[in-house]
Amino acid sequence: MHTKLHATPRHGWRPRAAALAATAGLVLTTFAAISTPAQAASTLGASAAEKGRYYGTAIAAGRMGDSTYMTIANREFNMITAENEMKMDATEPSQGRFTFTNGDRIVNWALSNGKRVRGHTLAWHAQQPGWMQSMSGSALRNALINHVTQVASYYRGKVYAWDVVNEAFADDGRGSRRDSNLQRTGNDWIEAAFRAARAADPNAKLCYNDYNTDNWSHAKTQGVYNMVKDFKARGVPIDCVGFQAHFNSGNPVPSNYHTTLQNFADLGVDVQITELDIEGSGSSQAQQYQGVVQACLAVSRCTGITVWGVRDTDSWRASGTPLLFDGSGNKKAAYTSVLNALNAGGTTTPTPNPTNPTPTPTPTNPGGGSPSCTATYSEGQKWGDRFNGTVTIRATTNISSWQSTVTVRSPQKIIATWNGSPTWDSSGNVMTMRPSGSGALAAGQSTSFGFTVQHNGNWTWPSVTCAAS
């Protein structure tokens with residue numbers, strides 16, 4: 001069985017100066033206490049879910065016997081990435097012989113604990129198995145496509161998003177492709193990998209993932225941007241772009257980070273922060289982590305954040321203490337800043353579901369200065385038998401209060417709510433949500449409430465409306 005020991009730095013060959021919810025976490029209001037005001041979420045995953053996003057971590061199969069490590073991972077995070085166990089050398093150590101044992105350990109644990117999985121990674125110039133490193137030309141291209149197809153097919157239905165291609169652009173200041181054995185099979189190799197992944201798993205989000213793409217003014221960022229723009233124009237199946245976000249004092253979070261995320265999102269793709277770690281300590285580190293959260297929350301298509309590891313001692317950059325928990329599993333100042341930023345952030349609408357597109361919100365009482373508001377639905381965390389939803393109420397004029405109607409489709413049932421006071425009609429399929437406190441909002445201000453739907457086989461999104469007074 002091929003197991004990559006993470007004591008070896010994960011990206012150790014990079015020039016680092018340049019490169020640098022689970023349900024239990026949500027305060028769910030049951031029918032017996034439906035009018036109790038919601039409290040601020042107490043875990044990262046729960047708070048992110050309330051904003052229609054995820055907050056995840058990378059875990060290693062070799063550490064799954066560490067109870068402190070696994071307790072933190074289970075309590076705090078609602079998205080899981082395998083550090084090395086789903087990469088090319090781990091899943092196909094000999095040509096045509098696929099091994100998924102360690103990947104399965106992580107995936108099965110995540111799914112059984114109500115979490116989603118990001119697949120990392122299908123195609124990469126590094127961590128290729130030895131047999132692939134010696135290949136070239138059409139033989140390599142065919143082997144690559146077969147690898148993508150077999151691995152994505154094996155995990156079909158279990159993986160939320162795949163890093164289909166990883167780190168294909170060079171750090172040369174020119175925004176050009178990296179010279180690699182894969183690139184030398186032809187400039188269309190990235191496109192070919194994405195098309196193979198879509199055919200293998202039509203429902204997974206397909207992402208391009210890279211580092212040093214955080215600063216909008218950098219040539220590498222522009223190179224990736226132009227590739228994604230071209231792919232979208234030509235119908236190449238790409239759904240998201242991953243920003244690894246490895247920062248330190250020499251390469252801090254850039255001041256234009258929000259601009260970078262927004263400009264990519266404007267191309268019609270989700271943006272995800274995929275491997276976040278920030279070297280440092282104390283208030284400086286905490287402020288940078290806070291800035292990343294705020295940048296993500298400000299972009300409606302920024303669907304989530306993943307930190308690359310659980311505790312500082314688990315990090316591939318352990319000497320830089322770059323994570324949210326110290327080596328003993330204690331929460332650091334950076335953790336508190338992240339949770340506070342998540343709890344303070346407004347709820348915005350993430351990527352529309354292609355099979356259930358969110359309609360453009362329209363004022364309920366337009367014109368004439370009458371009180372009016374809009375209601376927008378965003379999909380939250382999903383499990384095998386249920387899913388979370390969030391409704392954002394935005395005042396289009398000054399309002400003194402609001403009420404929102406949420407209609408689910410039979411046999412769906414709303415089984416829990418938070419941040420509001422609900423009532424139901426006789427069918428139990430129509431819920432009217434009112435604020436649990438003051439519903440007054442100034443024009444342009446917003447608030448949100450959430451709920452859990454037992455879907456009973458029907459995954460259709462609820463319909464929502466808003467009325468103001």
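Amide H to amide H, with H built 1.01 Å from N, SER463 comes under 5 Å of THR407, counting only residues 5 or more places away or on other chains. Distances between every pair of Cα atoms in region 409-455, grouped in 10 Å steps from 0 to the bin holding the largest one, split as 23, 48, 23, 6 percent.
Max-minus-min Cα coordinates of region 122-255 on each principal axis give 41, 33, 29 Å, with the largest extent listed first. The label-point distance for ARG234 and ALA139, in a model that sets each label 7 Å from Cα toward Cβ, rounds to 2.8 nm.
Over the chain, the reciprocal of the mean inverse Cα-Cα separation, the Kirkwood hydrodynamic radius, stands at 23.0 Å. Among the listed pairs LYS51/LYS158; LYS220/LYS382; LYS205/LYS332; LYS382/LYS413, those whose Cα-Cα separation exceeds 25 Å are LYS220/LYS382; LYS205/LYS332.
Computed over the chain, the per-residue total of -39500 (n - 2.57) for DSSP H runs of n ≥ 4 gives a 222 nm mean residue ellipticity of -7500 deg cm²/dmol, rounded to 500.
Modelled label positions at ARG97 and SER176, each set 7 Å beyond Cα in the direction of Cβ, lie 3.9 nm from each other. If the Kirkwood radius is taken over C-alpha pairs of region 369-468, then at 25 °C and 0.890 mPa s the Stokes-Einstein diffusion coefficient equals 179 µm²/s.
Take 271-280, 229-238 and order them by the average number of nearby Cβ atoms within 10 Å per residue, most first; the result is 271-280, 229-238. Using only side-chain charges placed at the Cβ, +1 for Lys and Arg and -1 for Asp and Glu, the dipole size of the chain relative to its Cα centre rounds to 440 debye.
Residues whose amide H comes within less than 5 Å of that of LYS205, counting only those at least five positions distant or on another chain, are ALA161, TRP162 (H built at 1.01 Å from N in the peptide plane). Across all directions, the shadow cast by the convex hull of region 43-93 built on its C-alpha atoms averages 3.9 square nanometres.
Counting Lys and Arg as +1 and Asp and Glu as -1 over every other residue whose Cβ lies under 11 Å from the Cβ of VAL159, the net charge comes to +3.
For the listed peptides 218-226, 409-417, 293-301, a ranking on the average number of other beta carbons within 10 Å per residue, highest first, reads 293-301, 218-226, 409-417.
Contact order, relative form, for region 202-270: 42 percent (alpha carbon pairs under 8 Å, 6 or more residues apart, mean separation divided by residue count).
Annotation: the antiparallel percentage among DSSP beta bridges lying fully within the chain is about 55. Relative to the current alpha-carbon distance between SER112 and ALA333, full extension at 0.36 nm per residue lengthens the span by 76.5 nm.
No lab work stands behind these numbers, since they all come straight from the coordinates. From a predicted model like this one, the values you see are computed outputs, not experimental measurements. Note that each Cβ is placed from the backbone with ideal geometry, even for glycine, and that neighbours are counted across all protein chains shown.
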